[in-house]
Structure formats: structure tokens, C-alpha cells
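No value in this document is a laboratory result; all are computed from the given coordinates. Just so it is clear, the model here is predicted, and its values are computed rather than measured. No Cβ is skipped: glycine too gets one built from the backbone with ideal geometry, and neighbour counts run over all protein chains shown.
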Amino acid sequence: MSKTTDTIISAYKMEIKVLRAYLLISFSIIVLTYSQYFMFSDKIMEMLGVENGVYENLTAVFFFIASIFMFLVYISNKKLLLLFLSILFFVGCAEEINWGQKIFYFHTPEFMNSINVQHQFSIHNIEIFNGENFRHEKKSGLSRLLEIGVLFKMFCIVWGVIVPIMAFHVSFASTIFKKICLPIPPVSIGMLFIINWVFFRVILSFMLPPNKSFQYYDTIIELFEYISSYIIMVISLYFYKNKNNDIFMDIKTNIHKIKSL
């Protein structure tokens, strides 16, 4: 093993050691969340994933907390990308509750009703962004690239996994990220997005029994989104606790300054 490879491995081991509290708690939540499919009845699982149910509301809560954390980090650093992320996470929260429609029960305006597949006051259910068209047919091919669900997965993988890996291994990329003041998540926390996707895909494709109700299978999508929003909140918490360090460089730069949970 070369000296460079040994150094890289040691750096990742140190990151995992420093952030073990984040990682252990998060991994435990992932396991316990998906284990519910093997612990509870079909009816309970359907109730957990219904519209305006437990996990949809928790997703909104985690997005809102993440938005607050990122705004506080913005107050400390005054970098526009931090404000952008704070606004983005707030929009995620607002979309989950249809911008208050689920709380205040106001009617969907006609202009939105005519273009929204679920006839709700939300952007992600507008036909061009929704996973289905008005005939309730699943989209395919290039039309899926504008689906909010696909864009959300891409955001999580790019920001949570690809960006921090490139920041550590590609000096040119690191320089660009530093110049635009892009906050760099820890690789180990970002990898939780991959773990979440693997659990979701394996259980949905190979472990859930056939011939169940639509809601039974739809619940696992809510679980996936809930865990994704939780991971985003954890990353935002990490930035908040380390807002006085150089969060625009990879974690190895600040490894001896990083604060655990």
C-alpha cells in the first residue's frame, strides 16, 4: 500500500471516528424505520404513510429544522449559497404541507388546480414535475428528469457524496468549491444517502410481499423521503456546530477542530 493511499484511508478512519455519534444514531434510525415493515401489520404501515400522515409531517419538520440551522450558519458566514440552501430546505418543508393548505384547509386556486395532478397547492405535484401525468400513468424516459423525486435524489447524491469526495481527492474541484463558498458535507454522513437508497430499493424490490394495496407500497416512499430529510437535517446540524471552522473545505482540513454531537 502506497503512502498516499495509507494517508487517505487514515483520514477517512479519523472522520468516521470523530463523527461516530452522528453515524451510529443515523444508521440506527434507518434500520429501525425500514424494520417497521416486518414489525407492524399492513394496516398500520398504510396509516403511517398516508397523505398528511406521521412520516410526511416528520419530513416537513426535518426540512424546517435544517432550514433554521442553515440560516443560522448563513448569519455567521454571510455566504449566499448558505442562504440558498436555507431557502431550499424551507421550500421542501412548505411543499410537504402544501404551503399551509394541509393546516389551514384553503381551496386550491383555479390556475393551480388545472395543472396540479393531485389538485393541491404545491409545486412538486404540477404535471411536469410529478411522477405521473393526469391519466395517472408513470412517466418514462427523459420526461423523468424533471420529476421532483428524481431531482431530489440527484441533489442528495451530488451534494452529499460526489461533492465531498471530489473536494478531498481533486484539488481543482476543491479550489472551485472554496471559491464559490459551497459548504462541504462529511463524506461519511453523505454516504447515509446511499445506505438509505439501498435499504429502500432492496426492501421494495425483493422483500415486500406482492398483491398488497397501493398505499402499502407508497408508504416506503414516504419512509425514504423522511430519512433523506433527516440526513439533510444532520448535515445542517454538523454545519451549525462547526460554523466557525472552514466548512467550505473538506472535513480533513478541520479534522482536529470538528465538534461531535
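Residues of the range 190-206 with an amide N closer than 15 Å to a point placed 7 Å from the Cα of Lys138 along the Cα-to-Cβ direction: 201-206. Exceedance of the 26 Å cut-off in Cα-Cα distance is limited, within the set Lys13/Lys179; Lys78/Lys102; Lys43/Lys153; Lys78/Lys179; Lys78/Lys241, to Lys13/Lys179; Lys78/Lys102; Lys43/Lys153. Once the Cα atoms are used to define both axes, helix 187-202 deviates from the longest principal axis of the chain by about 30 degrees. How would the range 143-187 be classified by its alpha-carbon gyration tensor: rounded, prolate or oblate, with rounded meaning a/c under 1.5 and the a/b versus b/c comparison settling the rest? Since a/c reaches 1.5 and a/b is larger than b/c, the shape of the range 143-187 is classed as prolate. Less than 5 angstrom separates the built amide H of Ile126 from those of Val117, all sequence-distant by 5 or more or on a different chain. With the cut-off at 1.5 for a/c, could you classify the range 113-232 from its C-alpha gyration tensor as rounded, prolate or oblate? Oblate shape, in that a/c is at least 1.5 and b/c is the bigger or equal ratio. With contributions of -39500 (n - 2.57) from each DSSP H run of at least four residues, the per-residue ellipticity at 222 nm computed over the chain stands at -19500 deg cm²/dmol.
Rounded to the nearest 10 degrees, the angle from helix 3-18 to the longest Cα principal axis of the chain is 60 degrees.
FRET efficiency for the Phe27 to Gln118 pair, using the beta carbon distance and R₀ = 30 Å, is estimated at 0.35.
Output the relative contact order of the range 3-254, whole-number percent, from Cα pairs under 8 angstrom with separation of 6+ residues.
Working: 287 pairs, mean separation 69.0, N = 252.
With pairs under 8 Å counted, the relative contact order is 27 percent.
Working from label points 7 Å from Cα in the Cα-to-Cβ sense, the Ile8 to Lys179 distance is 2.4 nm.
Give the angle, between 0 and 90 degrees and rounded to the nearest 10, that separates the Cα long axis of helix 214-241 from the longest principal axis of the Cα atoms of the chain. It is inclined by approximately 30 degrees.
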